[in-house]
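The values are calculated or read from the model by the stated rules, or taken from the named source; none is laboratory data. Keep in mind the model is a prediction, meaning the values are calculated, not measured. Virtual Cβ from ideal backbone geometry, glycine too; neighbours counted across all protein chains shown. Keep in mind that these areas ignore ligands, DNA and RNA; they rest on the heavy atoms of the full protein, side chains included. Shrake-Rupley method; radii C 1.70, N 1.55, O 1.52, S 1.80 Å.
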Amino acid sequence: MPFSVTWHNLLEPLESLPPDATFRTPLSDRPFRIDELQEHRIIITYRDDTETTPLSREQFETLYDRVTDATAGFDLDRLPAAAEPYATLLSVHPRFVIDTDANRLTETDDPAATPLVDAPIPPIDDEGDDDDDRSEPDVPVYNDALLLIDALERTDPTDLSGVETATLVDLYTLCSDVQRNADDLRQEIRRVLLDRLAHDQPIAGQFGSVQRTRRRNRSLKDDDEVIAAFEAAGIDRERLQGVDADKVDDALDVTDVSEEDVYEIDERDYVRKADVDDDTKASRLQGLKDQLAAADGDDTDELRGEIEALEERIDELTSFKPGQAFHGDDTAGDAE
């Protein structure tokens, strides 16, 4: 996993902490607070000092590499005193934990609250979205996407040569359905976006940006209409016999005839994808995984129940039932 994903999943819970949250270094137990979170560094102030101390993203990445490379965790005794805050803040990330008894910073699949922060750490969230308010959207692409995800989880798409033909047919069908229904939804989204976008002013979302642009299509009018327009401008009919676009464009260059006189012009505004933020997408995906890993108790049981119900629904939708199961022997025979 690229460190950029871990970095953004660290900044998110730190941003959600109250401004008076107090942190403590793991070895010297020196309290400090965060003054500012920036894209490439975190600025802190020790309680016993008036000067700010910047902590660079590059140093966080160095510590991250050492922790993930260590089989039994990183020994905090190896940290210089000035680097202790890096360990404290990295432990706020749900995949890293500090064992204060063993003085080790380790990577874990079992998120736990860090004992070095005097404030409750909220789970990673996406702009305050409440998972309890989620409901199944009534759009075809949603069901197709769930079926495709399930099929991909049951198959190795990186080695299609070893996949059974029937499974390939299912994957191809689902990919086609997702593409078609996603495009239908995209067209509807585009229609709404066009009312909100100005020309050449990209608008950014979380995962990318779009901008409004214009597509211009031309088609020649009826030959007689084109010839008549140029004859009125002094161009001989013979020069335009067998009208084609190249001859017409050449004639437009040397006359005052306008494009509108000889072309049917269709101009339409549309939304063009301007950029994709792959790091943010990867960060959000990892955040969802971290939330799932942090779930426990009734929430986990409820989630498992929903997954089992979804799997049953997928089996119903994908299982093959012969016509006899629906119509009986006589109807099935008529179909043949």
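In the set 187, 179, only one residue is open to solvent by 80 Å² or more (accessible area, probe 1.4 Å) and either modelled with pLDDT of 85 or more or under 27 Å from residue 214 (Cα atoms) (or both); that residue is 179.
Among the residues of region 192-232, count how many are of a type in the set (Ser, Thr, Tyr), under 21 Å from residue 267 (Cβ atoms) and surrounded by 12 or more Cβ atoms within 10 Å (Cβ to Cβ).
To start, the set of residues in region 192-232 that are of a type in the set (Ser, Thr, Tyr) comprises 209, 213, 219.
Keeping just the survivors that are under 21 Å from residue 267 (Cβ atoms) gives 213, 219.
Subset that is surrounded by 12 or more Cβ atoms within 10 Å (Cβ to Cβ): 213.
Adding up the residues that qualify gives 1.
Filter region 156-203 down to the residues that are of a type in the set (S, T, N, Q) and not in a helix (DSSP H, G or I), then identify the one that is nearest to residue 144 (Cα to Cα). Give the derivation first.
We begin by selecting, within region 156-203, every residue of a type in the set (S, T, N, Q); these are 158, 161, 165, 167, 173, 176, 179, 181, 187, 201.
Still in the list and also not in a helix (DSSP H, G or I): 158, 201.
Details: 158: 21, 201: 34 Å.
Of everything passing the filter in region 156-203, 158 is nearest to residue 144 (Cα to Cα).
When the residues of region 9-20 are filtered to those that are under 25 Å from residue 75 (Cα atoms) and of a type in the set (A, V, I, L, M, F, W, C), the one that is surrounded by the fewest Cβ atoms within 10 Å (Cβ to Cβ) is 14. The conditions of being out of contact with any strand residue (DSSP E or B) (no Cβ under 7 Å at 6 or more places or on another chain), modelled with pLDDT under 85, buried (at least 19 other Cβ atoms within 10 Å of the Cβ) and in a loop (DSSP other than H, G, I, E, B) are not met by residue 123. Of the residues making up region 35-60, those that are without any contact (Cβ under 8 Å) to a residue 24 or more places away in the chain and either under 19 Å from residue 13 (Cβ atoms) or not small (Gly, Ala, Ser) (or both) number 16.
Filtering region 32-57 to residues that are surrounded by fewer than 14 Cβ atoms within 10 Å (Cβ to Cβ) and over 35 Å from the mean Cα position of the chain (by Cα) leaves 47, 48, 49, 50, 51, 52.
Exactly one residue out of 23, 74, 60 is closer than 16 Å to residue 99 by Cβ, under 33 Å from the mean Cα position of the chain (by Cα) and crowded, with 19+ Cβ neighbours inside 10 Å: that is 74. Being closer than 27 Å to residue 279 by Cβ, under 27 Å from the mean Cα position of the chain (by Cα), open to solvent by 30 Å² or more (accessible area, probe 1.4 Å) and not charged (D, E, K, R) is not true of residue 93.
Considering 243, 210, 226, the condition of being of a type in the set (A, V, I, L, M, F, W, C), at pLDDT below 75 and touching a helix residue (DSSP H, G or I) at 6+ places or on another chain (Cβ under 8 Å) is satisfied by 243 alone. Using the structure shown, decide if residue 43 is of a type in the set (Val, Ile, Thr) and out of contact with any Pro (no Cβ under 7 Å at 6 or more places or on another chain). Answer is no for this residue. Note on region 137-174: residues that are open to solvent by 70 Å² or more (accessible area, probe 1.4 Å), within 18 Å of the chain's Cα centre (by Cα) and within 30 Å of residue 212 (Cβ to Cβ) amount to 1.
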